Amino acid sequence: MTRRPSAPPSDSHLLHTLSELSWNRFHTTAVLLFGLGWALDAFEVTLIGNVLGALRQHFGLGSNAMSVILAAWFVGLMIGAAGFGALSDRLGRRRVFLASLVLYGVATLATAFAPNLAALLVLRLLGGIGVGAEYSAINAAIAELVPSRSRGRAAAIVLNFWPLGSFIAALLAWLVLSSLPPDLGWRVVFGLGGVVALSAAWFRRHLPESPRWLIDADRAEDARAIVAGIEAGLTTLPPASAVPVVHRIRREAGQFGRLVRQYPGRLLLGAALDFAEAAGYYGLFAFLPIVVLPVLHLPADRLPLFYLAGSVGAAVGGLAAASLLDRIGRSWTVGGFYLATALGLVLFALVTGLGAGPIMLGFALVNLLATGSWIAAYPTFSELFPTALRATGIGASVAVGRVGAALSPFLVGYVGARSMPAALVMLAGFWALGAVAILIWRLRGGIEARGLALEQLSAVAGQSFPEFLPL
């Protein structure tokens with residue numbers, strides 16, 4: 001009797017397999033490669049703060065002009081997160097997380113040769129677009145590639161490469177700015193950053209497309225091949241077959257409208273958490289060059305030392321968040337860190353009159369709490385959106401957050417010029433807003449996603465704020 005060939009596994013079986021796999025070499029490799037790119041994002045973001053003192057001297061900038069440089073960067077982040085988030089849902093995660101590294105690598109390298117302030121602003125805008133694209137594509141991809149039981153921890157570990165990148169940026173800036181003339185030092189730092197970013201894009205090319213995205217795009221055969229490779233623990237998988245770009249763009253028309261209609265509560269939560277952390281976090285980093293440096297009359301090459309201390313604190317906070325997300329749950333971790341950051345900033349305000357040493361220690365402590373907050377927040381709202389809308393939802397949330405990030409340096413400069421403690425208390429208010437948002441989410445029956453498969457989280461699309469599943 002001739003046996004009939006077995007039928008290929010169904011889409012639901014593939015998704016179940018992907019969710020329930022044991023951790024293997026593929027997952028470790030994916031986390032490392034995504035983390036490497038994220039470290040370079042952090043390098044790029046932190047770099048401008050580290051060299052802002054040198055740029056201030058080179059171009060003769062006042063506090064408003066320095067705020068404009070930071071604002072150009074944040075506007076780029078907003079454009080990149082919103083625009084490339086939608087493209088990631090249309091064209092796939094892989095195209096975007098490769099293009100994002102190339103874009104900001106080229107922009108950063110070109111910044112080393114910026115002839116004037118106008119060129120610097122344009123290149124910072126382009127670099128910000130590249131990093132904003134990374135925010136949406138990376139958070140979507142890592143959530144969709146790892147097992148459900150490890151999703152929170154894996155996403156947080158990837159994000160924990162941020163303190164590493166920040167530390168390297170601060171260390172490099174300190175070494176270069178203290179050993180080279182200021183007019184040359186900042187250019188060398190940007191040049192090295194661009195070369196490293198472009199090198200990382202070469203290694204990331206081995207990462208596959210998200211099988212969940214492929215299934216949603218009616219490309220089950222490609223998804224099956226990738227899931228089989230992941231299950232076997234392969235570390236190099238072939239890219240999915242090409243599909244005409246026009247077809248994919250037409251397929252997902254009206255993404256943002258669907259997101260608002262079907263998942264308004266999740267979008268509000270993501271936007272509130274990201275606005276709170278972005279306004280608070282980037283305001284804190286703007287506080288050093290815009291307020292502390294002029295008040296204490298510190299030379300520009302001292303500023304990276306503050307960022308080095310802050311990066312050590314950030315690493316501790318990020319690891320704490322990674323260990324707690326899958327243990328005590330998303331809501332407790334996010335709410336606890338946001339509230340602790342708000343209180344920490346109030347305490348920081350009390351020591352600003354004691355000199356550079358206490359300010360450095362206070363910055364390290366607050367950065368510990370702030371980093372734990374946003375590292376816990378990103379996996380929390382990223383996993384709530386369905387596959388077809390995940391990168392769009394992340395991008396929209398990040399775009400709202402960048403509005404806060406763009407405004408915060410101006411507010412810090414304005415308030416800090418009158419009172420250093422008042423600027424920090426203002427930043428504490430932003431973090432308190434995030435704590436209130438996650439509290440409302442849970443009190444209104446919002447989902448606690450710990451241990452649930454992504455398909456369970458998107459199974460119910462309620463029509464009110466917030467949507468929820470029975471717990």
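The values are calculated or read from the model by the stated rules, or taken from the named source; none is laboratory data. Note that the structure is predicted; figures quoted are calculated from it, not measured. Don't worry about glycine lacking a Cβ; one is built from the backbone with ideal geometry, like all the others, and counts go over all protein chains shown. Ligands, DNA and RNA are excluded from the accessible area calculation, which covers all protein heavy atoms including side chains. Shrake-Rupley method; radii C 1.70, N 1.55, O 1.52, S 1.80 Å.
Points worth noting:
- Distance between region 85-115 and region 433-455 - C-alpha centres, whole angstrom: 32
- Once both labels are positioned 7 Å from their Cα atoms along Cα-to-Cβ, the gap between LEU32 and ASP218 label points is 3.9 nm.
- Prolate/oblate/rounded label for region 308-351 (Cα gyration tensor, a/c 1.5): oblate
- Karplus-derived 3J(HN,Hα), 6.51/-1.76/1.60, for each residue of region 204-219, Hz, glycine and proline x: 6, 4, 6, 6, x, 6, 5, x, 4, 5, 5, 5, 5, 8, 6, 10
- With 0.36 nm allotted per residue and the present C-alpha distance subtracted, the VAL260-LEU350 stretch has 28.2 nm of extension available.
- Extension gain for GLU20 to ALA118 (0.36 nm times residue separation, less C-alpha to C-alpha distance): 30.1 nm.
- The Cα atoms of region 385-442 give a gyration tensor whose axes a ≥ b ≥ c have a/c of 1.5 or more with a/b no greater than b/c, which makes the shape oblate.
- Here LEU184 and LEU443 are evaluated by their C-beta separation; at R0 = 56 Å the FRET efficiency comes out at 0.50.
- Whole-number percent relative contact order across region 175-233, with pairs defined as alpha carbons under 8 Å at least 6 apart: 19
- Overall form of region 77-188 per C-alpha gyration tensor (a/c, 1.5; a/b vs b/c): oblate
- A 1.4 Å probe run over region 119-190, with the rest of the protein chains in place, finds 27 Å² accessible per residue.
- Average Cα contact separation per residue, region 30-172, under 8 Å, 6 or more apart, as relative contact order %: 44
- Spatial separation of Cα centroids for region 133-203 and region 407-421, in angstrom: 28
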